[in-house]
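Step one of this worksheet: look at the structure below.
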Amino acid sequence: MNLKKKKIILVEDEPVLCELIKTYLNYKDENLEVIGFENASEVEKYFKENSKIADLMIVDLKLPDKNGVELVRDLKSIGIEIPVVYMTGYVNQPVIEELNPDDILFTKPFPPEELYNTILELLKK
């Protein structure tokens with residue numbers, strides 16, 4: 001296929017869920033390349049080394065080293081401005097209040113097809 005693959009950064013600290021989402025999206029669409037990370041520091045290192053670029057991020061709100069909103073804020077401060085889909089399994093965590101009204105939040109568990117459709121919409125913009 002002649003389309004350029006869209007690179008998606010997935011940040012999820014549960015290895016099984018990270019692999020499940022990554023496998024689903026890579027299988028569902030050959031034009032997606034999903035790269036999984038288990039914490040914020042790995043993602044920050046990825047973006048700082050060699051100016052690697054991505055088209056979209058899927059970020060868990062609760063990560064071992066910082067919350068997902070902080071991660072996205074820190075990445076924006078170094079010039080990484082890409083669409084973000086947040087996800088969480090904890091609906092009562094205070095970090096949810098830090099989200100902007102137009103931020104997209106999936107509450108786990110969620111149908112993978114809904115995540116896929118949301119990703120496609122964001123990538124069209």
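For this structure, a couple of remarks:
- Here the spin labels are modelled as points 7 Å beyond Cα on the Cα-Cβ line, and at Ile35 and Lys66 they lie 1.8 nm apart.
- Gyration tensor (alpha-carbon) shape descriptor, the stretch 1-43, a/c threshold 1.5: oblate
- Surface per residue (accessible, 1.4 Å probe) for the chain, Å²: 59 Å²
- The chain: equivalent-ellipsoid semi-axes (sqrt of 5 x gyration tensor eigenvalues, Cα, Å): 21, 18, 14
- Of Asp102, Asp60, Asp13, the residue with the greatest mean-square motion in the GNM of the chain, using alpha carbon springs below 10 Å, is Asp102.
- Largest to smallest in accessible area, the residues Glu121, Glu70 fall in the order Glu121, Glu70 (1.4 Å probe, all protein chains included).
- When the inverse distances between all different Cα atoms of the stretch 35-77 are averaged and flipped, the Kirkwood radius reads 10.6 angstrom.
- Thr107 - accessible surface, heavy atoms, 1.4 Å probe, Å² rounded to 10: 60 Å²
- Percent accessible area from carbon and sulfur atoms, the stretch 1-95, protein chains only, probe 1.4 Å: 51 percent
The values are calculated or read from the model by the stated rules, or taken from the named source; none is laboratory data. Bear in mind the structure is a predicted one, so any value in this text is a computation, not a measurement. For neighbour counting, all protein chains shown are included, and Cβ atoms are generated from backbone atoms with ideal geometry for every residue, glycine included. Keep in mind that these areas ignore ligands, DNA and RNA; they rest on the heavy atoms of the full protein, side chains included. Shrake-Rupley method; radii C 1.70, N 1.55, O 1.52, S 1.80 Å.
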